[in-house]
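Right, one structure below, let's go through it.
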Amino acid sequence: MVYDICFPFMTQKIRLIDTHSHLQFSFFDQSREEKESNYREAGGDKMILVGCDPESSQRAVEFALRHEKYFATVGVHPTCVDQLNDEVIGLFEEHIRAKRAVAIGETGLDYYHMAFSEEVQLAGLRKQAELAKELNVPVIIHSRDKGMVSSKAEMENKSDPGAVGPSGINALRVLREVGVKKAIFHCFSYNLEFAKKVWAVGYHISFSGIITYPKNEYLREVARVAPTDKILIETDCPYLTPQSHRGQDNEPSFVLETAKELARVRGMTVEEAAELTARNAEELFGI
């Protein structure tokens, strides 16, 4: 006998938005179709392709123009800030005004690699933050300090992995000084104290696969109490593979693992966590 019964929990589908993917990188040129298929099968809907320099920003724009559910950002990462000039800023502005891109970034500060002086990095961040304010679009912030961990092993053996350093503090200061209204601290890896300062200004934080690492309870505490409307999820692929896929290159479909962990710590279903973060992304990026 077959019963035609429809339970509410059976009708809700997982809908994911990876808000920080680098699927446009040449790294994925030989596997992109497979990764896109995996993403759809996992419940992937829209995706934000994040630029790190003029070339990857242009690739993000081109991919987004060919795919109705991909959206580009344009920006220059602090480790290649020497590529930021007036011509590049002008091109970024053109892409935003023409609706070919939805945000500025990723930009920020990186004292771990310290490819350029603090002064040069701050100038690059400020210039891009000013553009984001002028165009009223979000700015995506990368922040990493000299003492920050660079591997899962280091992260799990550091006494205070969530301690905030000068990159986070200074990035937040610049955003406030410029008067940026919308910002995302991507791949958030700081403690609750700093998270509260970010939320107090009205900015978002985005959780990546590092929330799944066993010893990162401090980060799960941030996720547990985060304001409902200020949280996003991402992969940062091909980097920061979640715990369940360690040893593999990260890919957009693995954002599901971050959604699962977020759901667990907040006492939600995976479907609810995915939909919540997807709607936050749509509202923030205007997609």
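The values are calculated or read from the model by the stated rules, or taken from the named source; none is laboratory data. It should be emphasised that the depicted structure is a prediction, and the values quoted were computed from it without experimental measurement. All Cβ positions, even for glycine, are placed from backbone atoms using ideal geometry, and neighbour counts span all protein chains on display.
Within segment 205-251, the only residue that satisfies the criterion of being within 18 Å of Leu276 (Cα to Cα), of a type in the set (D, E, K, R) and touching a residue at least 60 places away in the same chain (Cβ under 8 Å) is Glu234. Test Gln121 against the criterion of being free of Cβ contacts under 8 Å to residues at least 60 places away in the same chain, out of contact with any helix residue (DSSP H, G or I) (no Cβ under 6 Å at 6 or more places or on another chain) and surrounded by 19 or more Cβ atoms within 10 Å (Cβ to Cβ), and give yes or no. Against the criterion (free of Cβ contacts under 8 Å to residues at least 60 places away in the same chain, out of contact with any helix residue (DSSP H, G or I) (no Cβ under 6 Å at 6 or more places or on another chain) and surrounded by 19 or more Cβ atoms within 10 Å (Cβ to Cβ)), Gln121 does not qualify. Taking the conditions (1) under 15 Å from the mean Cα position of the chain (by Cα); (2) under 22 Å from His22 (Cβ atoms) in turn, Lys230 satisfies each one other than (2). Within the set Ala98, Ala64, Ala103, Ala72, the sole residue that is over 20 Å from the mean Cα position of the chain (by Cα) and among the small types (Gly, Ala, Ser) turns out to be Ala98. Scanning segment 179-197 for residues that are buried (at least 20 other Cβ atoms within 10 Å of the Cβ) and either without any contact (Cβ under 8 Å) to a residue 60 or more places away in the chain or in a helix (DSSP H, G or I) (or both) gives Val180, Ala183, Phe185, Phe188, Ser189, Tyr190, Phe194, Ala195.
Yes/no matrix, rows are residues, columns are (1) part of a helix (DSSP H, G or I); (2) surrounded by 15 or more Cβ atoms within 10 Å (Cβ to Cβ); (3) not aliphatic (A, V, I, L, M):
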position	(1), (2), (3)
Trp199	yes, yes, yes
Gly202	no, no, yes
Asp249	no, no, yes
Leu256	yes, yes, no
Glu272	yes, yes, yes
Glu283	yes, no, yes
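Within segment 91-106, at least one residue is touching a Lys or Arg at 6+ places or on another chain (Cβ under 9 Å) and hydrophobic (A, V, I, L, M, F, W, C). Per the listing Val120, Val178, Val198, Val164, the residue uniquely closer than 19 Å to Ala223 by Cα and modelled with pLDDT of 95 or more is Val198.
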